[in-house]
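Beneath this line is the structure, given in structure tokens, with notes to follow.
The values are calculated or read from the model by the stated rules, or taken from the named source; none is laboratory data. On a predicted model such as this, the values are computed, not experimentally measured, just so you know. Accessible surface is based on the protein model in full, side chains and every heavy atom, while ligands, DNA and RNA are left aside. Shrake-Rupley method; radii C 1.70, N 1.55, O 1.52, S 1.80 Å.
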Amino acid sequence: MSLTYFREDGALCVESLPLETIAGQYGTPCWVYSRAALEAAYREFEQACAGRETLICYAVKANSNLAILNLFARLGAGFDIVSGGELARVLAAGGAAHKIVFSGVGKTETEMRAALAAGILCFNVESEPELERLSRVADDIGLTAPVSIRVNPDIDAKTHPYIATGLSENKFGVGYEEALPLYRKALRLPRVRVVGIDVHIGSQITAIEPFLAALDRVLEFADVLDATGIRLEHLDLGGGLGIRYRDEEAPAVSDYLARLFSALGERRVKILFEPGRALVGNAGMLLTRIEYLKRGPVKNFAVVDAAMNDLLRPALYRAWHDIVPVRRRTVERVDWDVVGPVCESADFLGLERPLAVEQGDLLALLSAGAYGMSMSSNYNSRPRPAEVIVDGAAVHLVRPRESVESLFASERFLP
Ligand SMILES: *Cc1c(COP(=O)(O)O)cnc(C)c1O
């Protein structure tokens, strides 16, 4: 399903709503999500899981707006969190604590306490000192911690190095040699209950083979555990499925899951997934307005009102987002570097894009639903944009634009 389409009069729309209407109502820049696209992405996962015992744990860090978390919670999703802040968000959004898995290499005592008190499904433990701390914190408050060990399968996910997590050189998880002693240790801790195993090899992965290779290693290891009397309640296969930004051939969700299930064969163990990008990436966009068209001797710049502080991916990973003018024009098509007003040369959203545009036009930066707003900052004292969700012909404001005053409201002078 494509998020946008041109109406006959040349206006770009999301669901039944022209983007010009949204810009008129909420201003720019503005994050625009589609309820239908969010729901369709979740249902695709759900349908491909039919007949298996599974839990789809949405990776909150991809987009943590409460309305989106609430939408997924209503559809029955679980959640993969990486901080106490995300835990609080999920609970505030009506997410079920017993469907939450907690990942991340740096869990603090405070975060552990909050997650134990909430009664989450599982801590995905990433090191021995973390296991020791968790055991101690659980003992302190008289609760038992359900635990998976995150194993690092040393598999090259063939993705951008900043989002590869399954290589021995990465900070995530523990190697196989370390994992078995760690499981043995976990079994001896009275306030720890071993429930599963976890693997997550990276993000924006566009081939199925690395997932299959990781699963192979997990199954092999689960068999070793089984032979030593450690029975697991679930296998957590992580997230990382890629989406199409430009011309990537990302696997269909149904193919990806069918291949994994086929590799699982007759094993009847509960399977957890932690998709983030695949659920929200293509369900959102960043709407921005051209402030200036600036022609130079070497390059032409379309200076827009969104910037790297809003959408960091191009600056951080040289990531590609399709850029589509919101109104069709008959003016000459020229190559523009689409840049923001932030004082960094990395502040670009797209380079050398052939666009037929005029000053004041609106542009849609597509596939920006994942790692967009959630990675944004207030750099250059720029308030974060509004977030809206289109639902048919209606549009709902789910986060108002920040005010400039709110950015420094809690700051204090020296005495
Ligand atoms: C980021 C992350 C995910 C989600 O990754 P996507 O590529 O967005 O699917 C899942 N699990 C863990 C542990 C993560 O860190």
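What separates the Cα centres of the stretch 149-216 and the stretch 331-350 is a distance of 39 Å.
Within the listed set Ser83, Ser374, Ser345, the residue fluctuating most in the Gaussian network model of the chain (springs between alpha-carbon atoms under 10 angstrom) is Ser345.
Once Rg and the Kirkwood radius are both taken over the C-alpha atoms of the chain, their ratio Rg/Rh works out to 1.00.
Annotation: per residue accessible area for the stretch 104-273 equals 43 Å², rounded to a whole number [probe 1.4 Å, protein chains only]. Taking only protein heavy atoms and a 1.4 Å probe, the accessible area of the chain is 50% carbon and sulfur. Helices of the chain meeting both criteria, an alpha-carbon length of 18 angstrom or more along the long axis and an average Kyte-Doolittle score not below 0.0, with helices taken as full DSSP H segments, are 209-227.
Computed over Cα pairs, the Kirkwood radius of the stretch 235-371 leads via Stokes-Einstein (1.306 mPa s, 10 °C) to a diffusion coefficient of 94 µm² per second. With 26 Å as the limit, the listed pairs Lys61/Lys171; Lys61/Lys299; Lys158/Lys294; Lys61/Lys158; Lys61/Lys99 have Lys61/Lys299; Lys158/Lys294 beyond it between alpha carbons.
GNM remark for the chain: springs join alpha carbons under 10 Å apart, and the peak mean-square fluctuation among Cys13, Cys122, Cys343 falls on Cys343.
If you average 1/r over all unlike Cα pairs in the stretch 103-146 and invert the result, what Kirkwood radius do you get in angstrom?
Working: mean 1/r = 0.0981 Å⁻¹.
For the stretch 103-146, the Kirkwood estimate is 10.2 Å.
Here the Gaussian network model covers the chain, with springs between Cα atoms less than 10 Å apart; of Val125, Val195, Val280, Val195 fluctuates the most.
Normalised by 2.2 N^0.38 Å, where N is the number of residues, the alpha-carbon radius of gyration of the stretch 341-415 equals 1.44.
Starting from the Kirkwood Rh over alpha-carbon pairs, what translational D in µm² s⁻¹ does the stretch 104-273 have by Stokes-Einstein at 25 °C and 0.890 mPa s? Can you show the working numbers first?
Numbers: Rh = 16.6 Å.
The diffusion coefficient I find is 148 µm²/s.
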